[in-house]
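Any read-out appearing in this document is the output of simple, stated calculations on the displayed coordinates, not a laboratory observation. Quick caveat, the model's predicted, so the values are computed rather than measured. A quick note on method: Cβ atoms are made from the backbone with ideal geometry, for glycine too, and the neighbour counts reach across all protein chains shown.
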Amino acid sequence: MDEVRMSLPHPSDSPKGVVYTRPEVVTNCLDISGFTESERILEMRALDIGCGYGQFIGNLARRIALACKGAGYDRRQCVGHLVRNLRGVEIDPLTAEHAREEVLSAVAGVYPTRSKARAWLSKVVVLGDYLLDEVDGLLG
């Protein structure tokens, strides 16, 4: 564990305390937390406070989309599930847009589409400051 900590940038080395999480760390954290691609993930809800560029929320969206596909959901049902059960909070508008692109890419990888609909992404990744704003009600 100390090796992992030593390889991550210190928050003071990045603007606004930004810390980039390596993909293998994201994968391990989600696996250990039980957010696997099984149908069980469809019974879970997740709030990614300070979602940054979307490392966690993008991976979660992909796992949820795979579980939705396995459960027989169509794309519209999967998107509805994501809107109800997955939320990311990001303070920076450009970074939030990048996180939304990660979520969109994750869903498109499972449910290829030509749809240009994107309004739902602003419900999954919202602008806010998780240190100052009320986040308890974000998932209902």
Notebook entry, point to check: Per residue, how much space in cubic angstrom lies within the convex hull of the C-alpha atoms of segment 16-83?
Noted result: 88
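Order by neighbour count: I49, I64, fewest other Cβ atoms within 10 Å first, most last. Walk me through the numbers on the way to the answer.
On the way: I49 16, I64 26.
Ranked by crowding around the Cβ, least crowded first: I49, I64.
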Notebook entry, point to check: So for the chain, taking the charge dipole from beta-carbon charges (+1 Lys/Arg, -1 Asp/Glu), which of L30, V124, G137 sits furthest toward the positive end?
Noted result: V124
Check: What is the order of Y53, Y130, fewest Cβ neighbours within 10 Å to most?
Finding: Y130, Y53
Checklist line | Net charge, L138 excluded, C-beta distance under 14 Å - Lys, Arg +1, Asp, Glu -1 | finding: -2
Item checked: Top of E24, E39, E101 by mean-square fluctuation, Gaussian network on the chain, Cα under 10 Å -> E24
Check: Taking each full run of DSSP H in the chain as one helix, which ones are at least 24 Å long along their axis (Cα atoms) and have mean Kyte-Doolittle hydropathy of at least -1.0?
Finding: 93-110
Item checked: Free-standing Cys, the chain [no other Cys Cβ under 4.7 Å] -> C29, C51
Notebook entry, point to check: Applying 1/(1 + (r/R0)^6) with R0 = 25 Å to the Cβ-Cβ distance of K116 and K69, what FRET efficiency is obtained, to the nearest 0.05?
Noted result: 0.70
Note to self: Just checking my list [x] 54, 42, 29; [y] 67, 35, 25; [z] 44, 30, 29 against Cα extents along the principal axes in Å computed from this structure; which label fits?
What the structure shows: [z]
